[in-house]
Ligand SMILES: [Fe+2]
């Protein structure tokens with residue numbers, strides 16, 4: 001983030017704290033319960049946001065060197081992501097061209113060749129079919145027609161995008177929007193080092209996971225004995241970048257930082273930028289690194305979801321702490337708050353919505369990130385935007 005933007009954001013947060021104000025969306029919105037529970041809506045979401053939408057699948061640090069690979073199967077197509085000898089990121093359907101078996105079963109690692117466990121057909125990390133056993137007896141094939149199916153892939157700003165449709169297109173500048181595309185170039189996410197992966201399965205709609213990151217109104221209540229000790233509640237900033245957004249949370253460290261000269265200020269010292277990357281990504285930037293959350297429905301259901309979470313650290317962190325120590329520590333406090341507090345509350349909300357007892361959730365004037373996300377979501381599905389109300393009676 002540019003220096004002048006950091007300072008102005010920090011000053012705005014300090015003003016809010018001193019004046020007792022917060023962000024104001026200018027009205028209240030009511031989000032219908034069907035947003036989270038309707039089976040037909042879920043099918044529409046799956047089609048628009050997962051099957052036919054470019055997906056962020058990780059960070060450059062997940063493929064740290066030539067020969068690195070990882071696999072995933074979160075949005076309807078098994079994927080093999082590789083970094084070839086020239087350092088290029090590539091993505092393929094992780095499907096053998098022979099009998100459609102899954103080629104690579106391991107989650108991640110380093111390999112030059114991928115051999116299908118069914119009959120041993122073997123591929124390079126560029127997706128070429130290198131060979132197949134007993135070729136004379138199997139019969140002659142044109143190996144150039146039997147490579148792994150390549151998927152559109154792009155690497156930019158230290159993030160990895162894949163399109164699940166082999167004929168799909170990825171335009172990162174368009175996906176991020178011009179302003180966020182420029183802003184992301186200032187973070188240097190490409191320098192991050194991967195530390196750890198985790199996953200939280202929860203009985204709730206995937207968007208309830210996203211909603212939990214969208215406001216700080218709940219900090220002093222749900223997190224009164226945890227996060228609230230290090231963050232101010234009901235204070236924050238919200239910026240929209242086309243379909244995406246940034247919520248800036250306010251750390252209590254800002255109370256001391258503001259007494260120091262401005263040259264000592266830094267956005268990640270006094271604040272926590274939380275990026276909403278449409279439709280299913282939350283990206284948090286910390287002084288120690290970055291956390292990337294990918295939210296997916298599970299079991300073709302609007303009622304189950306998983307958060308796939310990756311933790312990365314800045315190289316400078318490793319000057320004082322070993323990566324082994326980081327791996328044993330990182331993510332523990334995050335899970336204590338997100339999995340044990342936020343997602344427990346969100347799973348309760350989901351169960352309650354399923355009961356049919358209430359017809360809508362309400363997002364206040366102090367929760368503009370949730371207004372932006374849900375109206376963007378509705379626009380993407382061709383639904384009318386939610387009306388901003390000055391007061392809600394029923
Ligand atoms: Fe929370």
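Before moving on, here are some points about what is shown:
- Residue in region 192-209 that is part of a loop (DSSP other than H, G, I, E, B), within 15 Å of the ligand (Cβ to nearest atom) and within 16 Å of the chain's Cα centre (by Cα) present: no
- Whenever a residue of region 326-347 is in the same structural domain as residue 312 (by TED's automatic domain parsing) and closer than 15 Å to residue 308 by Cα, its partners that are at pLDDT 95 or above and part of a helix (DSSP H, G or I), lying with C-beta atoms within less than 9 angstrom and at least six residues away or across chains, give the pairs 338/209; 338/212; 343/208; 343/209; 343/212.
- Hey, residue 361 within 16 Å of the ligand (Cβ to nearest atom) and in the same structural domain as residue 249 (by TED's automatic domain parsing) or not: yes
- Strands (runs of 3 or more DSSP E) contained entirely in region 1-119, each with at least 2 residues that are surrounded by 19 or more Cβ atoms within 10 Å (Cβ to Cβ): 29-32, 55-59, 68-72, 79-83, 89-93
- Residue match in region 281-299 (condition: modelled with pLDDT of 95 or more, closer than 25 Å to residue 48 by Cβ and part of a loop (DSSP other than H, G, I, E, B)): yes
- Residue in region 261-268 that is in a strand (DSSP E or B) and either modelled with pLDDT of 95 or more or touching a helix residue (DSSP H, G or I) at 6+ places or on another chain (Cβ under 8 Å) (or both) present: no
- Test for residue 290: is it in contact (Cβ under 8 Å) with a residue 40 or more places away in the chain, crowded, with 18+ Cβ neighbours inside 10 Å and within 16 Å of the ligand (Cβ to nearest atom): no
- Within region 217-230, if we keep just the residues that are more than 8 Å from the ligand (Cβ to nearest atom) and assigned to a loop (DSSP other than H, G, I, E, B), the residue that is surrounded by the most Cβ atoms within 10 Å (Cβ to Cβ) turns out to be 217.
- Within region 221-236, residues that are in the same structural domain as residue 340 (by TED's automatic domain parsing) and closer than 17 Å to residue 286 by Cβ reach partners that are away from the ligand (no atom under 13 Å from the Cβ) and part of a loop (DSSP other than H, G, I, E, B) with beta carbons closer than 8 Å, at six or more positions or on different chains, in the pairs 229/252; 230/252; 230/253; 231/252; 232/252; 236/22; 236/23.
- Selection count, region 309-357, where residues are in a helix (DSSP H, G or I) and within 16 Å of the ligand (Cβ to nearest atom): 18
- The residues of region 167-183 that are assigned to a loop (DSSP other than H, G, I, E, B) and either more than 17 Å from the chain's Cα centre (by Cα) or closer than 12 Å to residue 154 by Cβ (or both), listed by number, are 167, 168, 169, 170, 171.
The values are calculated or read from the model by the stated rules, or taken from the named source; none is laboratory data. It should be emphasised that the depicted structure is a prediction, and the values quoted were computed from it without experimental measurement. Note: ideal-geometry Cβ built from the backbone for every residue, glycine included; neighbour counts use all protein chains shown.
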